[in-house]
Amino acid sequence: MLKPTFPFLASKADSAACIWQLVGLPYDQTSSYRRGAQFGPEQLRLASDSIESFSPYCRKDLEDLRFFDAGDLPIAQHPPQQAVQEISDYYLEQTKAGKRILGIGGEHTVTIGAVQGLVQAGVKPSVLHLDAHFDLRQEYTGGIYSHASVIRRLAELVGAENVIQWGIRSGERSEFELAETQGSYIGCDLDSLLSAIDRLRGKPIYFTLDLDVFDPAELPGVGNPEPGGLKFFDFLKIAAQLTRLDVVGADVVELSPIWDTTGRSSIFAAEVVRELLLAIIR
Ligand SMILES: [Mn+2]
């Protein structure tokens, strides 16, 4: 594990007492259009220094939560299968020890390792997936471990009936057809997501948030921006609803800070992580 130079805002040093940990997953070897997601964890941590630990929205403070920043898994240079395996091994070990992880990407491929580790540890979560893209390809650019085939792999791990996809507004015809056949896609309407979350109460949930689900007018620093999309204030409504769920793992992926010279995407992502931590940590 590579220790972070700048730990995420308000994370505690007393790691043994924390159930939740932040883990950086700096990986972008399968990025298909614009590389740069491997710099996401570092820039998100740096940006966290510029925001408050107190949320004016839910009126809770990160200072009151127990979590720590475990640093980065050293996977940046690995081929995809090896990166997925090392992430999976780490999640397996931590889950067996009763720990829960919020992963910071890195491209979306990292989520395969995260959920694989949970499943191998005996936790079979339902997956809640927010993204501009389906990521349902069988394989992409020559491999089955790709950020364009993540959800296809997750459906194999937990069952397609346990996957919910929201916010998608780009994909091949075959991906739309598969999503409709397996019933995973619930559209882009906020109310449909809020009621779907309500139906997930009582189950273990893995929440995976591809930042390109947001409108690139608000968050341009992603590898594959897609016009339209989620607004920050609507995300706050989603976060408020997530407080009702038993989230056993989560990730925030695809921040690619080099594509936003203003730096606002990293700050945006840091606030998303703050609101997420405040929603899911008990
Ligand atoms: Mn995406």
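Just so it is clear, none of the values below were taken in a lab; they were calculated from the coordinates. No experiment lies behind these values; they were computed from the predicted model shown. Cβ placement follows ideal geometry from the backbone for every residue including glycine, while neighbour counts extend to all protein chains displayed.
Here the Karplus curve 6.51 cos²θ - 1.76 cosθ + 1.60, taken at θ = phi - 60°, turns the phi angles of the range 178-186 into couplings of 5, 4, 6, 4, 7, x, 7, 8, 10 Hz, with x standing for Gly and Pro. With a cut-off of 12 Å between beta carbons, the residues surrounding Gly202 carry a summed charge of +2, where Lys and Arg count +1 and Asp and Glu -1. Within the same chain, lysines fewer than 8 places from Lys12 are excluded, and of the rest, those with a Cα less than 19 Å from its Cα are Lys3, Lys60, Lys99.
Largest first, the three principal axis extents of the alpha carbons in the range 15-280 are 45, 39, 38 Å in whole numbers. Using only alpha-carbon positions in the range 138-282, the gyration tensor eigenvalues give semi-axes of 22, 21, 14 Å once each is multiplied by 5 and square-rooted (largest first).
Every helix of 4 or more DSSP H residues in the chain counts as -39500 (n - 2.57), and over all residues that averages to -10500 deg cm²/dmol at 222 nm. Under 5 Å between amide hydrogens, built in the peptide plane, is the criterion, and for Lys60 it picks out Ser55 among residues at least 5 positions away or on other chains. With both labels modelled 7 Å from their Cα along Cα-to-Cβ, the Ala17 to Ser174 distance reads 5.3 nm. Projecting label points 7 angstrom from Cα along Cα→Cβ for Phe233 and Glu93 puts them 4.6 nm apart. Comparing Cα centroids, the range 236-282 and the range 30-52 end up 12 angstrom apart. Please identify, among Leu44, Leu130, Leu194, the residue showing maximal mean-square fluctuation in a Gaussian network model of the chain using a 10 angstrom Cα cutoff. Maximum among the listed residues: Leu194. Taking the Cα centre of the chain as reference, the dipole from Cβ charges on Lys and Arg (+1) and Asp and Glu (-1) amounts to some 680 debye.
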